[in-house]
Amino acid sequence: MSHLNTIALRDALISRVTDFALDDHFVRDDTLRGALRKIWSRRPELGGLGSDLWVEGAFPSTVADETMRDLVSQGLIHAGLGAQLAATGVFPSTLKPYKHQLESIKAAVNRSYPEAGRPAIVVSASTGAGKTESFLIPMLNELWDSPWQAGQGISALILYPMNALVNDQVGRLDKWLAGQDRVSFFHFTSETPEDAKIADNRGRPPSTPARFRTRQQARGREDRDGKPIPNGGGPNPDILVTNYSMLEYMLCRPQDGVFFGSNLQVVILDEAHIYSGNLAAEITLLLRRVLMRCGRRPEEVLFIATSATIGGSVEELKPFAAKLFSKPETLVRVIAGRPHRPNLGVNPAPLPLPAAMARVLSGAAFPDEDTIVTSAEGPTFQTATESRGSNGERFSNPSGYRPTQTKTAPGTWPRCSLVLWRSPAPWLRCRKFSGTKASLAEPH
């Protein structure tokens, strides 16, 4: 997993913002540009355009007890899929999933829902908590062990709100499905080339057994090498990754009708918090059109929605998901990822807090050297044997103290070592050093 150099990123962003500000203000004088660039690149308190970095601790999610090998042995994960994920290194067999990932897997394979319906699963977890695995593993598990009919379209649909997220998911699927030909995928956006000739001109990588390269190949009209297939009839991808705008176009175009059929089993909505208000209503109607086009009922299809920032309690999310996916609430399962806050092993401070320290010292014997004591009659010197009350007990009624001006004992300059507290006769222990003043605590 690559790591982001946040310091270099901050410097690069400030540099770009500075360039933008200089161009936006039409600064042409080189001397003035240099001075402004120097000022705007400084720290924020010195006139810089960028703020300091904010560092926030990100706690990992709670880990489940079972490993991927355990899930395979329990029949929750298809053995072939477990071997594939281990072979590619994306999910070793000894790795334990997060609890919300495990709950999503179990919810997807559960066949005891009312009327044998497939569930709608809503996974809410923080950024970087493995939300993608929460839908990719259940989806691939569904496709790995399900019958497939030629000419009946895609088996899974992953819907994103924008192309950038589509491209990111394509790279992940390419890694997850590398080296096998059981499950294939295709991403369909405005950037996807129409045929092999256009793909070659754009320098697109060749297709693989798992990844379709062009629209014509995904429609079954080109083979993997880009050669035309007369009258079509070639294979269609199992997984279609697209955005909702392109999906609207696909439903309208006759040439894209091959993507929709009875094979549809899984629909994924990532970044589900985007779908609210009018957009949520439009997506609901769009998904209904997809189901109608495929000849499937909502209860026959597994729906999964994930988000890091979707708000609301279980009682609020259930009706939202039920309306979005056109399912009864009895088929909705809401899963929340919980962060695990480990014991950081921070040792307590080696010194007690002032009040606790005062209590400790009040019970300790005074040194045999001279000790200055202040009371209502003023400061006096006493030895350890004299520093007791009239009944022989040490003064120990902690109720605070009030520092006052510097006072000294006649003929000496003691240095204050510690202020304790007020008692019936408040006292302050100081050691005598020539030429040093002491701050005493007056009774009050």
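The values are calculated or read from the model by the stated rules, or taken from the named source; none is laboratory data. Everything numeric here is computed off the predicted structure, so don't read it as measured data. Virtual Cβ from ideal backbone geometry, glycine too; neighbours counted across all protein chains shown.
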Quiz item: What's the number of the condition residue 175 fails, among (1) surrounded by fewer than 16 Cβ atoms within 10 Å (Cβ to Cβ); (2) assigned to a loop (DSSP other than H, G, I, E, B); (3) over 20 Å from the mean Cα position of the chain (by Cα)?
Solution: (2)
Exercise. Starting from residues that are part of a loop (DSSP other than H, G, I, E, B) and among the polar types (S, T, N, Q), keep the ones in region 196-226 and report whichever is farthest from residue 174 (Cα to Cα).
Key: 214
Quiz item: Residue check, residue 103 against (1) within 22 Å of the chain's Cα centre (by Cα); (2) under 17 Å from residue 318 (Cβ atoms); (3) part of a loop (DSSP other than H, G, I, E, B), all met but one. Which one?
Solution: (3)
Quiz prompt | residue 197 more than 27 Å from residue 59 (Cβ to Cβ) and either of a type outside the set (Lys, Arg) or exposed (fewer than 15 other Cβ atoms within 10 Å of the Cβ) (or both) | solution = yes
Quiz item: Got a number for residues in region 328-343 being in a helix (DSSP H, G or I) and either closer than 22 Å to residue 263 by Cα or outside the structural domain of residue 285 (by TED's automatic domain parsing) (or both)?
Solution: 1
Quiz item: In region 270-289, what residues are surrounded by 20 or more Cβ atoms within 10 Å (Cβ to Cβ) and hydrophobic (A, V, I, L, M, F, W, C)?
Solution: 272, 283, 287
Exercise. Please list, ordered by first then second residue, the pairs with beta carbon atoms under 8 Å, 6 or more apart or interchain, first in region 12-36 and closer than 14 Å to residue 49 by Cβ, second in a helix (DSSP H, G or I) and among the β-branched types (Val, Ile, Thr).
Key: 36/18
Self-check item: Residue count, region 106-145 (criterion: more than 20 Å from the chain's Cα centre (by Cα), on the phi < 0 side of the Ramachandran plot and in a helix (DSSP H, G or I))
Solution: 12
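Inside region 209-218, can you point out the residues that are crowded, with 17+ Cβ neighbours inside 10 Å and out of contact with any Leu (no Cβ under 6 Å at 6 or more places or on another chain)?
If we filter region 209-218 for residues that are crowded, with 17+ Cβ neighbours inside 10 Å, which is where we start, we get 210-218.
Across region 209-218, the qualifying residues are 211, 212, 213, 214, 215, 216, 217, 218.
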Quiz item: Among the residues of region 68-87, is there at least one that is loosely packed, with under 15 Cβ neighbours inside 10 Å, under 22 Å from residue 145 (Cα atoms) and in contact (Cβ under 8 Å) with a residue 60 or more places away in the chain?
Solution: yes
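Might you check whether a residue that is small (Gly, Ala, Ser), in contact with a Pro (Cβ under 6 Å, 6 or more places away or on another chain) and either more than 13 Å from residue 302 (Cα to Cα) or in the same structural domain as residue 297 (by TED's automatic domain parsing) (or both) occurs anywhere in region 122-134? Before you say what the answer is, go through the steps one by one.
So the first thing to find is which residues in region 122-134 are small (Gly, Ala, Ser), and the list is 124-126, 128-130, 134.
From what's left, in contact with a Pro (Cβ under 6 Å, 6 or more places away or on another chain): none.
No, every residue in region 122-134 fails to be small (Gly, Ala, Ser), in contact with a Pro (Cβ under 6 Å, 6 or more places away or on another chain) and either more than 13 Å from residue 302 (Cα to Cα) or in the same structural domain as residue 297 (by TED's automatic domain parsing) (or both).
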Exercise. Please state which of the following conditions residue 44 fails to meet, knowing it meets all the rest: (1) more than 30 Å from residue 82 (Cα to Cα); (2) under 19 Å from the mean Cα position of the chain (by Cα); (3) not acidic (Asp, Glu).
Key: (2)
Quiz item: Among the residues of region 141-174, which ones are without any contact (Cβ under 8 Å) to a residue 60 or more places away in the chain and more than 24 Å from residue 205 (Cα to Cα)?
Solution: 147
